[in-house]
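*Asks:* Once you've had a glance at the structure underneath, I'll fire off some questions.
The values are calculated or read from the model by the stated rules, or taken from the named source; none is laboratory data. None of these values were measured; they are calculated from a predicted model. Glycine gets a Cβ as well: all are built from the backbone with ideal geometry, and neighbour counts include every protein chain shown.
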Amino acid sequence: MQKLIKPRLIPALLAIAFSGSAAAAGFQLQNQSGSANGNAFAGAAAAAEDASTIFFNPAGMTYLPRGHNISVSGTVLHRSIKFKDEGSTTTPGFGFGSSFPLPTGDGGDGGGTSLLPHGYWAWGVNDRISIGLGMGPTFGNTTEYNDDFVGRNAGFFFEMKQFNINPSLAFKVNDMVSLGVGINFAHNESHFKQGVPLVMALAGYPENNYLDVKGDDWAVGYNLGAMFQLTPTTRLGLAYRSRLEFELEGRQRWAVASPGFGPVAPLVNADVKAKLTTPANFSIALSQMVGQKWEILGDLTWTDWSVVDTLYVNNRQTGVPLQKLTYNFKDTWRVGLGANYQYSDSIKLRFGIAHDKTPVKSSADRTMTLPDADRTWLSLGAKFQLSKAASVDVGYTHIFFDTVKTNRAVTTGYPGVETLRQTIRGEFKTSVDILSAQLNYNF
């Protein structure tokens, strides 16, 4: 019994590979700036308006005022996830009166509210060289359903926190060309809970049969940027951010209930490891001034989600593979269009729209902890110039998600020797609201 179930518990570590943030596709956090939120992050790699350019395109530091530039932002992100069961099924167990119990609840609202802080500092050392530092979460997700969630055996709780430290350097080659480079030191911490399909004769209460896995690791990557001032009113930005590879190490716990006795202490404690790769992305962006008051922003961004394909979980001591998970992600594109209007000397208005594709190929690949779908952003915001040195940005976004289906299989067994226990079928409706504020200061 223990050997049969254990491999289905360990995939918790890999949940981060298919769980996602509420904002961008997959589990990426697009929300790196309070100012860019008002433009739906359209053209962010060409905007170079404040110190948050360190993340979107480090070459943009050469366009900031001389001296020290500081931008500090906070984003409140609220996501709603509603599931509707549409005929989930379970297979018979073995022995007299046994079956694999299937909870019957829709799980409540699996979303929630999160706070995303970011901080940036850029220093123009001289007319040609700028250095900077950016810090904040870049990938993440929080999803949690009620204990009676019908899809609990395919995942009912997931939290991922990935924090990035990004020292950067920019060099102004001439009046037309600026180049930038950054190093990324990222820490990933993940926590996942997944139900276990046990036969009724042994299971007791279905909501008490679960696994609980945590893991964390550091990884190092890089990002590159270039800006080209093609004309006095036209700027082109190119930005690339590398993939990151984490060797997650953590602990697996397995708890089970016995009929009439309620939950008992964890029966299994094991050291596990899993390799997670977060994707690279490349953006081409444009900033175009139209007259004295209007700025048009646009971008096209590619993300290498196909690196999330087949994931393996191993015993940390022996290296023996315990599970193979196939998610079959595909590369995606995001397109954004935004505008800024200089209403007065002290007020700038922002607008934006974007469309983001999901990396999930089919309903069979769609998981409970990330019911990802194509989405459309609608954004507005404003910048208030408080003084020559200080300004405040505010931005609001609502994201409309397509209604999508899931047809997710729940199995037990080892890689290559797996048995179907349940199939979770249903419909997901998701929406997101994002509110940001940012303080900018130059001295």
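*Asks:* For region 393-431, enumerate the residues that are among the aliphatic types (A, V, I, L, M) and either under 21 Å from Lys361 (Cβ atoms) or modelled with pLDDT of 95 or more (or both).
*Replies:* Val394, Ile399, Val404, Ala409, Val410, Leu420, Ile424
*Asks:* Gly87 is checked against (1) surrounded by fewer than 17 Cβ atoms within 10 Å (Cβ to Cβ); (2) assigned to a strand (DSSP E or B) and fails just one. What number does that condition carry?
*Replies:* Every condition holds for Gly87 apart from (2).
To keep it simple, each residue is scored yes or no on (1) exposed (fewer than 15 other Cβ atoms within 10 Å of the Cβ); (2) in a helix (DSSP H, G or I); (3) at pLDDT 95 or above.
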{"position": "Thr62", "(1), (2), (3)": "no, yes, yes"}
{"position": "Pro65", "(1), (2), (3)": "yes, no, no"}
{"position": "Ile70", "(1), (2), (3)": "no, no, yes"}
{"position": "Ser73", "(1), (2), (3)": "no, no, yes"}
{"position": "Phe94", "(1), (2), (3)": "yes, no, no"}
{"position": "Pro101", "(1), (2), (3)": "no, no, no"}
{"position": "Gly119", "(1), (2), (3)": "no, no, yes"}
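*Asks:* Considering region 332-348 alone, what residues qualify as being surrounded by 22 or more Cβ atoms within 10 Å (Cβ to Cβ) and either more than 19 Å from Thr397 (Cα to Cα) or among the aliphatic types (A, V, I, L, M) (or both)? Write out each step before concluding.
*Replies:* So the first thing to find is which residues in region 332-348 are surrounded by 22 or more Cβ atoms within 10 Å (Cβ to Cβ), and the list is 332, 334, 336, 338, 340, 348.
Matches in region 332-348: Thr332 only.
*Asks:* Being modelled with pLDDT under 75 and crowded, with 20+ Cβ neighbours inside 10 Å is the filter here, so list the residues in region 199-230 that pass it. Outline the logic, then answer.
*Replies:* First pass over region 199-230, keeping only residues modelled with pLDDT under 75: 199-209.
Across region 199-230, the qualifying residues are Ala203, Gly204, Pro206, Asn209.
*Asks:* Restricting to region 366-391, and then to whatever is assigned to a strand (DSSP E or B) and of a type in the set (Lys, Arg), can you tell me which residue is farthest from the chain's Cα centre (by Cα)?
*Replies:* At the first step, the residues of region 366-391 found to be assigned to a strand (DSSP E or B) are 375-385, 390-391.
Those still in the list that are of a type in the set (Lys, Arg) too: 375, 383.
Numbers: Arg375: 14, Lys383: 27 Å.
Here the residue is Lys383.
Conditions (1) β-branched (Val, Ile, Thr); (2) out of contact with any Leu (no Cβ under 9 Å at 6 or more places or on another chain), marked per residue:
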| residue | (1), (2) |
| --- | --- |
| Thr406 | yes, yes |
| Thr411 | yes, no |
| Ser431 | no, yes |
| Ile434 | yes, no |
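*Asks:* Checking the structure you have, find out if any residue of region 316-331 is in contact (Cβ under 8 Å) with a residue 60 or more places away in the chain and touching a His at 6+ places or on another chain (Cβ under 9 Å). Break it down stepwise before answering.
*Replies:* Quick first cut of region 316-331, residues in contact (Cβ under 8 Å) with a residue 60 or more places away in the chain only: 316, 321-325, 327, 329.
Subset that is touching a His at 6+ places or on another chain (Cβ under 9 Å): none.
The answer is no, given that none of the residues of region 316-331 is in contact (Cβ under 8 Å) with a residue 60 or more places away in the chain and touching a His at 6+ places or on another chain (Cβ under 9 Å).
*Asks:* Can you tell me how many residues in region 378-393 are under 14 Å from Leu77 (Cα atoms) and either surrounded by fewer than 14 Cβ atoms within 10 Å (Cβ to Cβ) or out of contact with any helix residue (DSSP H, G or I) (no Cβ under 7 Å at 6 or more places or on another chain) (or both)?
*Replies:* Summing the residues that are under 14 Å from Leu77 (Cα atoms) and either surrounded by fewer than 14 Cβ atoms within 10 Å (Cβ to Cβ) or out of contact with any helix residue (DSSP H, G or I) (no Cβ under 7 Å at 6 or more places or on another chain) (or both) in region 378-393 gives 0.
*Asks:* Inspect region 278-298 for any residue being of a type in the set (Asp, Glu), touching a Phe, Trp or Tyr at 6+ places or on another chain (Cβ under 9 Å) and either at pLDDT 85 or above or over 30 Å from Asp356 (Cβ atoms) (or both) and give the result as yes or no.
*Replies:* Narrowing region 278-298 to residues of a type in the set (Asp, Glu): 295.
Within this subset, residues satisfying the condition of being touching a Phe, Trp or Tyr at 6+ places or on another chain (Cβ under 9 Å) are 295.
Now drop any that are not either at pLDDT 85 or above or over 30 Å from Asp356 (Cβ atoms) (or both), which leaves 295.
For region 278-298, residues of a type in the set (Asp, Glu), touching a Phe, Trp or Tyr at 6+ places or on another chain (Cβ under 9 Å) and either at pLDDT 85 or above or over 30 Å from Asp356 (Cβ atoms) (or both): present.
*Asks:* Return the residue satisfying two criteria in turn: it lies in region 286-301 and is small (Gly, Ala, Ser) and part of a strand (DSSP E or B), and of such residues it is farthest from Gly336 (Cα to Cα). Lay out the reasoning, then the answer.
*Replies:* Of all residues in region 286-301, those small (Gly, Ala, Ser) come to 287, 291, 298.
Checking which are part of a strand (DSSP E or B) leaves us with 287, 298.
On the way: Ser287: 12, Gly298: 5 Å.
By that ranking, first place goes to Ser287.
*Asks:* Considering region 121-165 alone, what residues qualify as being within 30 Å of Val177 (Cβ to Cβ), among the β-branched types (Val, Ile, Thr) and buried (at least 18 other Cβ atoms within 10 Å of the Cβ)?
*Replies:* Thr138
*Asks:* I'm trying to understand the selection: among the residues of region 18-35, which are under 18 Å from Thr301 (Cα atoms) and at pLDDT 55 or above?
*Replies:* Ala23, Ala24, Ala25, Gly26, Phe27, Gln28, Leu29, Gln30, Asn31, Gln32, Ser33, listed by residue number.
*Asks:* Something else: Yes or no: Thr138 farther than 30 Å from Thr62 by Cβ, under 21 Å from the mean Cα position of the chain (by Cα) and outside any loop (DSSP other than H, G, I, E, B)? Break it down into steps so the answer makes sense when it comes.
*Replies:* Numbers: farther than 30 Å from Thr62 by Cβ: no; under 21 Å from the mean Cα position of the chain (by Cα): yes; outside any loop (DSSP other than H, G, I, E, B): yes.
Here the answer is no, as Thr138 does not meet what is asked.
*Asks:* Still on this model: What residue, of Thr310, Thr367, is closer than 28 Å to Phe139 by Cβ and touching a strand residue (DSSP E or B) at 6+ places or on another chain (Cβ under 6 Å)?
*Replies:* Numbers: Thr367 fails: touching a strand residue (DSSP E or B) at 6+ places or on another chain (Cβ under 6 Å).
Exactly one residue qualifies, and that residue is Thr310.
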